[in-house]
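Single-structure report; data block below.
The values are calculated or read from the model by the stated rules, or taken from the named source; none is laboratory data. Fair warning: this is a prediction, and the values are worked out from it, not measured in the lab. Positions of Cβ are backbone-derived with ideal geometry, glycine not excepted, and every protein chain shown enters the neighbour counts. Surface areas here come from the heavy atoms of the whole protein model, side chains and all, with no ligands, DNA or RNA. Shrake-Rupley method; radii C 1.70, N 1.55, O 1.52, S 1.80 Å.
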Amino acid sequence: MRIGFISREYPWRKPYGGVGVVTANQARALAEAGHQVTVITISPGKSRTGKNICNVRVVGIPFSPFPCLPRRLATFSSVETFAWSRTVLHALAGENQRKCFDIIESPEMGGEGLAFQSQRKRPPVIVKIHGGTSLYLKNLEAYRWYHWPVYFRERKSLLRADGIAAVSEQALRDC
């Protein structure tokens with residue numbers, strides 16, 4: 001099976017978080033089981049890169065849509081997540097996605113896979129609930145006005161998902 005992971009975070013660049021580590025471990029395990037695995041992530045540099053790490057093809061796409069914004073503000077922006085999602089889609093536009101992947105997985109954070117889910121001819125998209133997202137903040141009633149666009153993107157991504165995976169039962173319940 002040809003499996004594609006989309007994740008802005010991946011352990012080959014810093015900073016990276018828990019979803020990057022989970023993605024790397026899951027990709028490695030699936031590759032060891034004989035699947036063809038590709039991870040699409042942000043390039044550590046300014047050019048497109050490709051590496052083979054533990055039989056996993058890791059493709060880095062250069063991404064810096066808001067160089068003038070403070071990094072912390074841009075990272076949690078709904079607009080940045082949308083820009084990342086569209087960047088991945090355009091980077092793969094030359095390749096037929098149905099031929100590239102049998103299935104795609106992306107985290108729910110900011111609705112990273114939403115651009116893929118919007119396509120008519122696409123492979124199934126699985127959304128991974130990792131936790132600590134705006135959906136979780138909403139349940140805690142710790143929500144602020146700036147979380148709403150992110151919340152709506154995440155909710156839309158979960159509703160359009162062909163399947164949902166969660167890192168724990170607690171993360172699934174919190175969603």
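List of remarks:
- In the range 28-57, the residues that are open to solvent by 40 Å² or more (accessible area, probe 1.4 Å) form Cβ pairs under 6 Å with partners that are assigned to a helix (DSSP H, G or I), at six or more places apart or across chains, as follows: CYS54/ARG28; ASN55/ALA31.
- Residue within the range 113-130 that is in a helix (DSSP H, G or I), open to solvent by 20 Å² or more (accessible area, probe 1.4 Å) and modelled with pLDDT under 85 present: no
- Scanning the range 91-101 for residues that are surrounded by fewer than 16 Cβ atoms within 10 Å (Cβ to Cβ) and either modelled with pLDDT of 90 or more or closer than 12 Å to GLN119 by Cβ (or both) yields ALA93, ASN96, ARG98.
- The residue of the range 29-48 that is farthest from ALA91 (Cα to Cα), among those that are in contact with a Ser or Thr (Cβ under 7 Å, 6 or more places away or on another chain) and outside any loop (DSSP other than H, G, I, E, B), is VAL39.
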